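Trainee: Below are the structure tokens for one structure; questions will follow.
The values are calculated or read from the model by the stated rules, or taken from the named source; none is laboratory data. Since the model is a prediction, treat every value here as computed from it, not as a measurement. Neighbour counts are summed over all protein chains in view; Cβ atoms, including those assigned to glycine, are modelled from backbone coordinates with ideal geometry. To get the accessible areas, we keep the full protein, side chains included, count just its heavy atoms, and leave off ligands, DNA and RNA. Shrake-Rupley method; radii C 1.70, N 1.55, O 1.52, S 1.80 Å.
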Amino acid sequence: MRIVYLNPVGRLGGAETSLREVLASVRAAEPGWDLWLLLGEDGPLAQNARDLGVRVFVKPYPASLARLGDSGGWAALTRLLKAAGSSAKYARSLALWLREIDPDIVHSNGFKMHMLGAWTRPRRSRLIWHIHDYVSPRRLMRWLLRPFRKACTLAIVNSRSVAHDVERVLPGLRIVPIYNAIDLNRFTPDGDRLDLDAKAGLTPAAPGTVRVGLIATFAVWKGHKIFLEALARLSPGTPVRGYIIGGPIYQTAGSQWSVQELHQTAERLAVARQVGFTGFLEDTPAAMRSLDVIVHASTEPEPFGMVIIEGMACGRAVIASQAGGAAELFVDGESALAHPPGDSAELARQIERLSRDEGLRRSLGQAGRANAEKMFDGKRLADELRAVYASPEGVSVRAKAQPTGAIQEISERV
Ligand code: GLC
């Protein structure tokens, strides 16, 4: 079996972390398969994939295509038209490259690669879209993907919630929900830790301080503001220090915070001294183990939420925003605690509760680890992918998607 994976960027956002585990689990299950990865931009994913024995090609996107966002509107349409000429050239060279490799499967990640995959795949190659985000709120992408869906044999989606959304906006597309996996030997409760205070340029926290961190890219909807507001709402004397771990990684304009903006928000809320900014930390498991509580604070329904399963696998207490696919990953009060998206008062209440209850932190951590072992193991992922690759047309898994009111709401808002 020869598979070509297509991914727009080399930096490690959620979809790339997911892809890395796809590559690792397929490689472990099928050492004889020929795996290729084409990236539209260089970055750490390239080396990660090479280390797994995947053949990596970096074919940089033309600048106009790299900048093309996917949230819709006239501005996006103008950008799309500007990108059309250079995209066509890029597509031609991608088509030649694919023809030479002649893969059985083209597995694409990211909306631009879904389109390019449909446009350029050799006729005998089957195309599998791996959809990581809701399509309905992205008007431009929704519109662009529709005509291309006939070229796609099947779409893998990362949760039942996303399955339901895609079913609605791309009718007729065959959909298979497959949960992401993580490396359970890397994301472990015990192991190296980091000095987060030093990384953030802070003096060491007093003994007994409970460390609470948000680990995310700086996309606006990841809820950094809600996290800072929650810290500002804690009762005086709550022994908590907050950490913002991560940075701005996307090229598309207008959808992410800059570090200065977040510093200003922390100043305005008078929590600048209770929160440290570490920047992006490569060793995510060590960063997680250095925290007592991991916060996921997305303000919109989260399609999946890698950080939730990573935090559980590290045996840490996780507080997650309960909407979308994220709500499928844990049982509230058992393997993690939930708060409604965008509700800083409720988030503050959960942080405060955990800061005062070490026993609850421990039991959530243990149940979280057990849940991660049960649901997010790489072997399970490899088995599901093998079934899809072996016979994409024959896969019987169908989305048993529950309608999610929240997605209905966002799609109506845009
Ligand atoms: C995208 C989604 C995120 C998910 C990740 C991996 O980044 O927004 O929710 O965890 O893909 O599937």
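Trainee: When the stretch 9-39 is examined, which residues are found to be modelled with pLDDT under 95 and in a loop (DSSP other than H, G, I, E, B)?
Mentor: V9, G10, R11, L12, G13
Trainee: Still on this structure, I have one more. Based on this model, can you work out whether P248 counts as within 16 Å of the ligand (Cβ to nearest atom) and surrounded by fewer than 22 Cβ atoms within 10 Å (Cβ to Cβ)?
Mentor: Numbers: within 16 Å of the ligand (Cβ to nearest atom): yes; surrounded by fewer than 22 Cβ atoms within 10 Å (Cβ to Cβ): yes.
It is true that P248 is within 16 Å of the ligand (Cβ to nearest atom) and surrounded by fewer than 22 Cβ atoms within 10 Å (Cβ to Cβ).
Trainee: Go through (1) open to solvent by less than 70 Å² (accessible area, probe 1.4 Å); (2) among the hydrophobic types (A, V, I, L, M, F, W, C); (3) out of contact with any His (no Cβ under 8 Å at 6 or more places or on another chain); (4) at pLDDT below 95 and name the single condition A382 misses.
Mentor: With respect to (1) open to solvent by less than 70 Å² (accessible area, probe 1.4 Å); (2) among the hydrophobic types (A, V, I, L, M, F, W, C); (3) out of contact with any His (no Cβ under 8 Å at 6 or more places or on another chain); (4) at pLDDT below 95, A382 is out only on (4).
Trainee: Count, please, the residues in the stretch 303-327 that happen to be farther than 20 Å from D343 by Cβ, open to solvent by less than 10 Å² (accessible area, probe 1.4 Å) and not aliphatic (A, V, I, L, M).
Mentor: Looking only at the stretch 303-327, we keep the residues that are farther than 20 Å from D343 by Cβ, and these are 304, 306, 309-310, 312-316.
Adding the requirement that they be open to solvent by less than 10 Å² (accessible area, probe 1.4 Å) leaves 304, 309, 312-314.
If we keep only those that are not aliphatic (A, V, I, L, M) as well, we get 304, 314.
The number of residues fulfilling the criteria is 2.
Trainee: Hey, another quick one. I'm trying to understand the selection: among the residues of the stretch 32-65, which are polar (S, T, N, Q), surrounded by 13 or more Cβ atoms within 10 Å (Cβ to Cβ) and within 26 Å of A382 (Cβ to Cβ)?
Mentor: Step one: list which residues in the stretch 32-65 are polar (S, T, N, Q), which gives 47-48, 64.
From what's left, surrounded by 13 or more Cβ atoms within 10 Å (Cβ to Cβ): 48, 64.
Of everything in the stretch 32-65, just one residue is polar (S, T, N, Q), surrounded by 13 or more Cβ atoms within 10 Å (Cβ to Cβ) and within 26 Å of A382 (Cβ to Cβ), namely N48.
Matching residues to (1) on the phi > 0 side of the Ramachandran plot; (2) part of a helix (DSSP H, G or I); (3) surrounded by fewer than 19 Cβ atoms within 10 Å (Cβ to Cβ):
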{"site": "L262", "(1), (2), (3)": "no, yes, no"}
{"site": "A270", "(1), (2), (3)": "yes, no, yes"}
{"site": "T278", "(1), (2), (3)": "no, no, no"}
{"site": "E282", "(1), (2), (3)": "no, no, yes"}
{"site": "A286", "(1), (2), (3)": "no, yes, yes"}
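Trainee: Then there is this: Testing G237 on (1) closer than 14 Å to L281 by Cβ; (2) assigned to a loop (DSSP other than H, G, I, E, B); (3) open to solvent by 30 Å² or more (accessible area, probe 1.4 Å), one condition comes back false. Which one is that?
Mentor: Single failed check for G237: (1).
Trainee: Quick check on the stretch 315-373: of everything there that is among the β-branched types (V, I, T) and outside any loop (DSSP other than H, G, I, E, B), which residue is farthest from the ligand (Cβ to nearest atom)?
Mentor: First pass over the stretch 315-373, keeping only residues among the β-branched types (V, I, T): 318-319, 331, 351.
Subsequent filtering for residues that are outside any loop (DSSP other than H, G, I, E, B) retains 318-319, 351.
Numbers: V318: 14, I319: 16, I351: 22 Å.
Once the filter is applied, the top-ranked residue is I351.
Trainee: Follow-up question, since we're still on this one. Only residues that are among the charged types (D, E, K, R) and more than 10 Å from the ligand (Cβ to nearest atom): list them for the stretch 127-158, please. Walk me through it before giving the result.
Mentor: First pass over the stretch 127-158, keeping only residues among the charged types (D, E, K, R): 133, 138-139, 142, 146, 149-150.
Matches in the stretch 127-158: R138, R139, R142, R146, R149, K150.
Trainee: Okay, next question. Tell me which residues, restricted to the stretch 172-195, are touching a residue at least 40 places away in the same chain (Cβ under 8 Å), in a loop (DSSP other than H, G, I, E, B) and within 21 Å of the chain's Cα centre (by Cα).
Mentor: I178, Y179, N180, A181, I182, D183, L184, R186, F187, T188
Trainee: Looking only at the stretch 252-287, how many residues end up being within 16 Å of the ligand (Cβ to nearest atom) and within 16 Å of the chain's Cα centre (by Cα)? Reasoning before the result, please.
Mentor: Start the filter on the stretch 252-287 by keeping residues that are within 16 Å of the ligand (Cβ to nearest atom), which leaves 252, 255-256, 280, 284.
Checking the rest, the ones that are also within 16 Å of the chain's Cα centre (by Cα) come to 255-256, 280, 284.
The number of residues fulfilling the criteria is 4.
Trainee: Out of all the residues in the stretch 15-40, which are within 15 Å of the ligand (Cβ to nearest atom), in contact (Cβ under 8 Å) with a residue 60 or more places away in the chain and out of contact with any Phe, Trp or Tyr (no Cβ under 7 Å at 6 or more places or on another chain)?
Mentor: Here is the first cut: in the stretch 15-40, the ones within 15 Å of the ligand (Cβ to nearest atom) are 15-25.
Filter again for in contact (Cβ under 8 Å) with a residue 60 or more places away in the chain, leaving 15-19, 21-22, 24-25.
The answer is A15, E16, T17, S18, E21, V22, A24, S25.
Trainee: Restrict the check to the stretch 210-233 and report whether at least one residue is in a loop (DSSP other than H, G, I, E, B), more than 21 Å from the chain's Cα centre (by Cα), surrounded by fewer than 23 Cβ atoms within 10 Å (Cβ to Cβ) and at pLDDT 95 or above. First the steps, then the outcome.
Mentor: Start the filter on the stretch 210-233 by keeping residues that are in a loop (DSSP other than H, G, I, E, B), which leaves 216-218, 223.
When the remaining residues are screened for being more than 21 Å from the chain's Cα centre (by Cα), the result is none.
No, the conditions are met nowhere in the stretch 210-233.
Trainee: Related question: Give me the residue from the stretch 159-176 that is open to solvent by less than 30 Å² (accessible area, probe 1.4 Å) and touching a Ser or Thr at 6+ places or on another chain (Cβ under 7 Å) and, out of that set, farthest from the ligand (Cβ to nearest atom).
Mentor: Of the residues in the stretch 159-176, the ones open to solvent by less than 30 Å² (accessible area, probe 1.4 Å) are 159, 161-163, 165-166, 169-170, 173, 175-176.
From what is left, the residues that are touching a Ser or Thr at 6+ places or on another chain (Cβ under 7 Å) are 161, 165, 169.
Details: S161: 10, D165: 12, V169: 16 Å.
Selected residue: V169.
Trainee: Let me ask you something else. Quick one: L145 ticks every box in (1) modelled with pLDDT of 95 or more; (2) surrounded by 20 or more Cβ atoms within 10 Å (Cβ to Cβ); (3) over 18 Å from the mean Cα position of the chain (by Cα) bar one, so which box is it?
Mentor: (1)
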